[in-house]
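A quick write-up on the structure given underneath.
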Amino acid sequence: CSEARSVSLEALASLEDMRRDSTCGCRATVLLLTIAAVADGGGGIDTTTELANAGRDVRHLRGSDNEFSPQHLTQLHRPASAHPHSGLLVASSLVESAVPLENITVLIVCHDAGESFGLLPVAVQLQQEEGVTVGVLSLANPATSIFSGFAGAVGLDDFGVHVTVISPTAADPTGGRNQVLTSAEVDAVVRQLPAVEVVVVGMVYAMQAQFAAAFKRTGLPSVGFWDGFGEVVPGSISIDFVTGSVLNQSTSVVTAVLTVTNSTATQIAATAATAGVTVTALAVGSPTLETWTADAANSTAVTQARTLVYGDSTLPKIVYAGGYGGAEYNESIQLLCRVVAADTNYSFAFAPHPGYEAAGVEREIFAAFNVSGRIKVVPPGLGTAVVTAASNASLSDGSSVGVQSLAIGRLSAFMVNQSGVAALNASWGVVVERGLIKVASTPTGVAAVLHEFARAGWLFPISRLADAGIPPNATATITATVIRMARRDPSGNGSSGGHHESAVAVVVATTCGLIIVGAFAYSTIGALRKRFMTSPNPDGRLSNILYDSDLDDDSQSRDALLGTL
């Protein structure tokens with residue numbers, strides 16, 4: 001049972017014996033078992049019992065109050081050749097049965113633009129999977145506007161929670177990030193939701209952490225989506241999701257984090273280890289890059305955007321991607337104005353950050369530098385991807401638009417004052433170190449970068465994007481990973497759409513030799529004692545997870561063993 005430190009093979013002669021002899025009083029969470037033993041004088045697995053038809057459909061069960069009656073399972077017999085002291089227990093399932101595909105419901109919680117643009121194609125793909133229901137809880141703009149056309153999008157008001165959610169503005173770029181709901185308000189939303197199998201949240205607002213933690217407490221996979229391309233910044237609200245400090249707790253609010261880059265995943269894993277929390281980080285790539293590639297391939301839209309933004313100009317075209325605002329951002333806009341005033345060899349455009357006021361502060365700065373007539377503000381409705389594709393290069397103060405530009409073959413540079421160069425280099429790491437994006441801090445420096453871009457033919461070799469450590473096929477990978485997490489499927493069999501799998505094999509030394517603990521496609525992380533699922537292999541057998549009974553009384557060790565890559 002779930003509390004037992006060890007169970008002898010004799011005690012497992014039948015399920016009835018195991019049920020009767022259980023002394024801990026808990027209800028068993030192990031539903032399907034196979035028994036194997038090491039033969040005398042041998043080091044191999046001798047026999048594994050066949051799983052017979054249990055006589056009832058496998059249903060999703062949840063929580064410690066569920067029972068699976070022994071009469072629905074066949075008796076398990078000790079193999080004739082089993083060594084009586086082998087101490088080897090093979091458990092096919094540490095929890096309940098696999099969640100049927102038709103019962104999967106995925107909840108996505110978004111607020112910011114980056115995560116919303118990244119998870120929108122994932123939501124669409126999940127919705128197209130047979131039997132999968134997707135709901136998107138948009139906390140406020142820009143998520144509300146980005147998901148406005150998505151059928152499963154809802155807001156807090158739909159659950160009777162009427163609060164004014166603070167959104168960032170140019171004057172307060174971090175506004176609302178630390179705003180929280182009351183516990184009653186969180187519970188009101190959770191109670192009214194359908195049976196959710198997995199929740200996926202952005203990692204830049206404390207409200208998102210509240211929902212992640214609420215579902216994690218019920219034993220469900222709580223998955224954070226880290227949409228940034230840069231390095232992990234200590235003390236940022238995103239890393240606080242990992243350590244739990246975002247909600248002033250000592251345990252992580254997420255069981256797993258899906259990252260865009262390999263380096264980010266590595267840093268998150270290291271942070272979790274240092275903080276003593278169990279979180280698995282997996283680099284999955286960026287769905288936004290795929291969206292940008294598709295948008296840039298729409299030649300008609302790109303041509304129309306070029307005409308609308310730049311008119312009939314024959315000069316090289318440069319677009320500045322707007323940011324959140326703040327003092328450092330305003331300094332970058334002022335640097336842009338000085339570049340524009342000093343160089344008439346380019347046509348310039350400004351694309352406001354999605355979801356925020358249309359360049360109000362920026363227009364004031366343009367006017368102060370007397371360059372309003374030389375910088376075209378991109379009108380609403382034109383996507384930044386299409387405008388960038390219609391341009392020769394992009395500039396920003398350190399926006400993710402930089403890497404997104406590279407994905408469609410457009411060169412990009414970051415513009416910051418000298419005082420901000422060190423911090424920018426640290427936050428972007430390999431992207432800057434390997435020269436994928438240039439950094440300039442003076443008008444002369446920006447001019448030099450643009451001249452370099454011209455010598456390169458205004459083209460970035462997309463193959464170099466691999467240097468940033470960004471896995472491909474992000475939408476398919478995230479879709480398949482979320483489905484596997486929802487089904488608690490360690491093998492990945494039956495999941496669709498994904499071609500990018502991460503495998504893990506764990507080997508544990510025991511007095512009986514080596515026990516292979518598992519080799520399975522990446523699946524749900526954390527709370528494996530209660531929530532690990534199995535699905536049939538092609539030959540009809542269940543995938544086995546083998547564990548040494550000495551680990552059974554140390555849940556943290558076993559979680560660390562089974563729940564991390």
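The values are calculated or read from the model by the stated rules, or taken from the named source; none is laboratory data. What you see is a predicted model; the values in this text were computed from it and never measured. Note that we place each Cβ from the backbone using ideal geometry, even for glycine, and neighbour counts take in every protein chain shown. Surface areas here come from the heavy atoms of the whole protein model, side chains and all, with no ligands, DNA or RNA. Shrake-Rupley method; radii C 1.70, N 1.55, O 1.52, S 1.80 Å.
Place a point 7 Å from the Cα of Asp157 along the Cα-to-Cβ direction; which residues of segment 111-150 have their backbone N under 12 Å from it? Within reach of a label on Asp157: 140-141. Taking a ≥ b ≥ c as the square roots of the Cα gyration tensor eigenvalues, segment 398-478 comes out oblate, since a/c reaches at least 1.5 and a/b does not exceed b/c.
In plain terms, the chain from Val233 to Glu452 could stretch by 75.8 nm, reckoned as 0.36 nm per residue minus the Cα-Cα distance.
Using C-alpha pairs below 8 Å separated by at least 6 residues, the relative contact order for segment 121-207 is 21 percent.
Taking every alpha-carbon pair under 8 Å whose residues sit at least 6 apart, segment 243-317 reaches a relative contact order of 25 percent. Model label sites at Thr164 and Ala188, defined 7 Å from Cα along the beta-carbon direction, differ in position by 1.7 nm. In segment 278-381, the portion of solvent-accessible area held by carbon and sulfur atoms comes to 51 percent [1.4 Å probe, whole percent, DNA, RNA and ligands not counted].
With a Förster radius of 22 Å applied to the beta-carbon distance between Arg338 and Leu315, the computed FRET efficiency rounds to 0.75. Where the alpha-carbon atoms of segment 267-412 are placed on the principal axes, they occupy 56, 37, 25 Å, in descending order. Taking every alpha-carbon pair within segment 294-363, the share separated by more than 14 Å comes to 66 percent. One chain, two ends: Glu130 and Thr442. Fully extended at 0.36 nm per residue, the span grows by 106.9 nm beyond their Cα-Cα distance. For the pair Thr293 and Thr274, label points projected 7 Å from Cα toward Cβ lie 3.4 nm apart. The mean accessible area for residues of segment 276-404, using a 1.4 Å probe and ignoring ligands and nucleic acids, is 39 Å² per residue. Annotation: extensible slack from Ser145 through Thr251 equals 34.9 nm (criterion: 0.36 nm per residue apart, minus Cα-Cα distance). With a cut-off of 19 Å on the backbone N, the residues of segment 440-457 near the modelled label site 7 Å out from Ala422 along Cα-Cβ are 440-442. Rounded to the nearest percent, how much of the accessible area of segment 413-477 (1.4 Å probe, protein heavy atoms only) is carbon and sulfur? Taking all protein chains in place, segment 413-477 shows 58 percent carbon and sulfur surface.
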